[in-house]
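The structure appears right after this line, and notes come after that.
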Amino acid sequence: MKKHVFALMALLMLVSACTNGDPNTNDPSATITSIPTAPAAARPKYTVQRGNVEEIFEFSGRWQPRDQMELSFEINGTIRQVNVRQGDAVSTGQLLADYQIEDLEEQLVSAELSLETAQTNLETGAGTDVQSVEDAEIRLANAKLSLEQTKASRDWTGVANARISLDAAQRDLENAEQAYQEALSHPEQGASAVDNAYTQLLNAQDNLRRAENSYFSAAQSYNNAEFNIKQQENSVIEAELALERARSGQGDPSGLENLRQAQLKVDQLKADIARSSLYAPIDGVILEVSISPGDQVTAYNAVMTIGLPEPKEVIASLAIGDAQNLSAGMVGVCQVANKPETAVQCAVRRIPSSNRDADQTTRIAAGFENLTDGQLIQVYMPLQIRENVLWLPPAAIRTFQNRTFVVLDTPDGQRSVDVELGLQTDDRVEIVSGVNEGDVVVGP
């Protein structure tokens, strides 16, 4: 009996021990710990500030000589040699490039031999008839008349007048530069005085350029006249010799004609060679070379650009729509690319008036010193400026349907107010009405 009692007690103790091992197993009041959630992200806030809102047109150009000229061949051809590279200094008359003209050069050698033979035959009278003295005298008289007419048409006064105009334009430029510096040194005269002085300076620079071109043109015309006079003098000498031969019985019409034809052939070949060669028209610097040996070239397509070493300016190639946003005289800031410490004041000198203009470049006058040709220049031109106005960043502005508004953060809570916008840029929006300086705006 005792054994059964002890066995029952041992069983009860075992059951009790198993039950006490997990007191919460069957406890209905047990709780589950919740997983924490991330707090909602705070909306950005912006303060209404007062300052300037500026619409800046930014573009870039190259620092290059202002006065440039595109060079081209007069006929089609294949390039034989190019004698210059970009940046080379050249002098007037220097051969820059030419076509493959070996055939023309060989023909010229043959034609010169024929000319020499014709001259020898005429001098010796080989195979010729007697030349009429009267015809030779008439040719001499006509040659002298042509010489006098050419001398009379030489416009030496045009060169002198052009030089006087050039000197006057140079003095006007010096006076304009002095007036501009004086205006800068007297800020009490106001911005209009500086602007007027700067406009006068730009006009003086343009006038000087036109005077230089007029002088160069007059000088070229005078040089051409001198060349024609030399040719006419040679014709007179030739006619005198022909008359002398005719009087001595050595003249021959057919011999003279052969000589003339041979000379015409030589002159024609030399002209063809000249048209197949590209020469420097001025003392200057090669700015661009777009050809190389073996290239096929079309007549009158620009293959090189030459310019005067000074003065220089920023030359930019803009779409015509962008260029029309600017106007001559507009003042901004120019700097060497990625070098803000080089910033200087600059001004728009010219823009293309339409897409039909031969020169589609935009020109910016700037006062850089000791810059090498071809430097990349960043230009910042303010198109519109609103000074001392309220502004917010674009992210603070909300729109819904036809409504433009912001949400103000006030002590009484958030509330939306309609706003009127003015000038809008990428980083600032002018607020015309609806908020006050210092208001805090909650972003969307």
- Other residues with Cβ under 12 Å from the Cβ of Q64 give, with Lys and Arg +1 and Asp and Glu -1, a net charge of -1
- Task: Using a Förster distance of 25 angstrom, determine the FRET efficiency expected from the C-beta separation of A395 and F57, and round it to 0.05.
- Result: 0.60
- Item | Student exercise, the range 384-444 dipole from Lys, Arg, Asp, Glu Cβ charges, in Debye to nearest 20 | 200
- Item | Whole-angstrom gap from the range 389-423 to the range 299-323, using each part's C-alpha centre | 47
- With the chain treated as a Gaussian network of Cα nodes joined by springs under 10 Å, which of P187, P311, P65 yields the largest mean-square fluctuation? P187
- Message: So if each residue of separation counts as 0.36 nm, and I subtract the Cα-Cα distance between Y279 and E148, what length gain in nm does that give?
- Response: 44.0 nm
- Task: Please check the chain for the longest run free of GluC sites (Glu not before Pro) that are loop-located per DSSP (anything but H, G, I, E, B) and have at most 15 other Cβ atoms within 10 Å.
- Result: 75-368
- How far, in nm, would the chain grow between R210 and D195 when pulled straight, counting 0.36 nm per residue and subtracting the alpha carbon separation? 3.1 nm
- Message: Name the residue from N76, V333, Q170 whose Cα lies farthest towards the positive end of the charge dipole of the chain, charges +1 on Cβ of Lys and Arg and -1 on Cβ of Asp and Glu.
- Response: V333
- Task: Please give the length that would be gained between E310 and A42 if that part of the chain were fully extended, namely 0.36 nm times their separation in residues minus their C-alpha to C-alpha distance (nm, one decimal).
- Result: 90.5 nm
- Computed [θ] at 222 nm, deg cm²/dmol, the chain (DSSP H ≥ 4; -39,500 (n - 2.57); rounded to nearest 500): -14000 deg cm²/dmol
- Output the relative contact order of the chain, whole-number percent, from Cα pairs under 8 angstrom with separation of 6+ residues. 31
- Query: Using a basic spin-label model with each label point 7 Å from the Cα along Cα→Cβ, how many nm lie between S110 and Q94?
  - Reply: 3.6
- Go ahead and run the numbers for FRET between N355 and L383, Cβ-Cβ distance against an R0 of 25 Å, rounding to 0.05. 0.75
- Message: With 10 angstrom as the radius, rank M304, M69 by how many other C-beta atoms surround their C-beta, starting from the fewest.
- Response: M69, M304
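Readers should treat all values here as calculations from the given coordinates under stated rules, not as data from a laboratory. From a predicted model like this one, the values you see are computed outputs, not experimental measurements. Quick reminder, even Gly has a Cβ in these numbers, built from the backbone with ideal geometry, and neighbours come from all protein chains shown.
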